[in-house]
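**Q** Please read through the structure below; I'll follow up with questions.
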Amino acid sequence: EMKKRFVINIEVVNELVEKHQRVHLITGHYFNWEFANLAVGLISKFPFVVAYKPVSNKVFDRLMYHIRSRFGTKLVSSTNFAKDFQPLSKNNYALILVADQNAANTSKAYWIDFFGKKVPLVKGPERGAKMNNLPIVYTEFYKVKRGFYKGNFELITTTPNDYKDGEITKILIKKIEDSIRKEPANYLWSHRRWKHQFNPEQHSRLVIE
């Protein structure tokens, strides 16, 4: 039933994983990823790795872990990511990362225009791909009609080190903005993406034009 309701060009990622072994899939706080996660895990030919934040209630946490991983998704706790991800990193995988995550330290972020206002963006997704020379794929899901959805995987680059620092993040945040403009209701507006104020004296050197 899930396969009937989701049309996904998963072959883009399948081919990359076969050639490069590892791929970074980049998305934003967009669409219902609880739902999309199950669809991708069901049809992918590769380990689909997702970082998740455990909930404090252990019983509920185990239930959510089971639901999220039942179609093969590999879940890695965000609180202990480096250690828990290590065994998976030795094999081929596709790791999903969020590009529009709020930067904890705004003085070490990329400041990029997002809907006409500069926001601080984490460097992790871009740096991780460059460090390991991994392909980057932009990922979006949207509703076609009631009960039916489409997933689109778009290759950004297989050579991330050809780009200047911050350039890939700027491309990705523009992709996220375009996705939101198509279907504004799909964005997690409570994410408070604009809560940090740009200070020219502190942040001008961090702006990616």
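**Q** Give 143/170; 150/182; 118/195; 117/174 a once-over and call out the pairs whose C-alpha atoms are over 19 Å from each other.
**A** 143/170
**Q** Take each uninterrupted DSSP H stretch in the chain, measure its Cα extent along the helix axis, and return the ones at 18 Å or beyond whose mean Kyte-Doolittle hydropathy is at least -0.5.
**A** Answer set is 167-182.
**Q** For residue 53, list the lysines whose Cα falls under 19 Å from its own Cα; do not include residues on the same chain fewer than 8 positions away.
**A** Here the lysines satisfying the reach criterion relative to residue 53 are 74, 83.
**Q** Would you order 111, 189 from fewest to most other beta-carbon atoms within 10 Å of each residue's own beta-carbon?
**A** 189, 111
**Q** If contacts are Cα pairs under 8 angstrom and at least 6 residues apart, what is the relative contact order of the chain in percent?
**A** Worked out over the chain, it gives 28 percent.
**Q** Divide the volume of the convex hull of the Cα atoms of the chain by its number of residues and quote the answer in cubic angstrom per residue.
**A** 130
No value in this document is a laboratory result; all are computed from the given coordinates. The shown structure was predicted, so the numbers you read here are calculated from the model rather than taken from an experiment. A quick note on method: Cβ atoms are made from the backbone with ideal geometry, for glycine too, and the neighbour counts reach across all protein chains shown.
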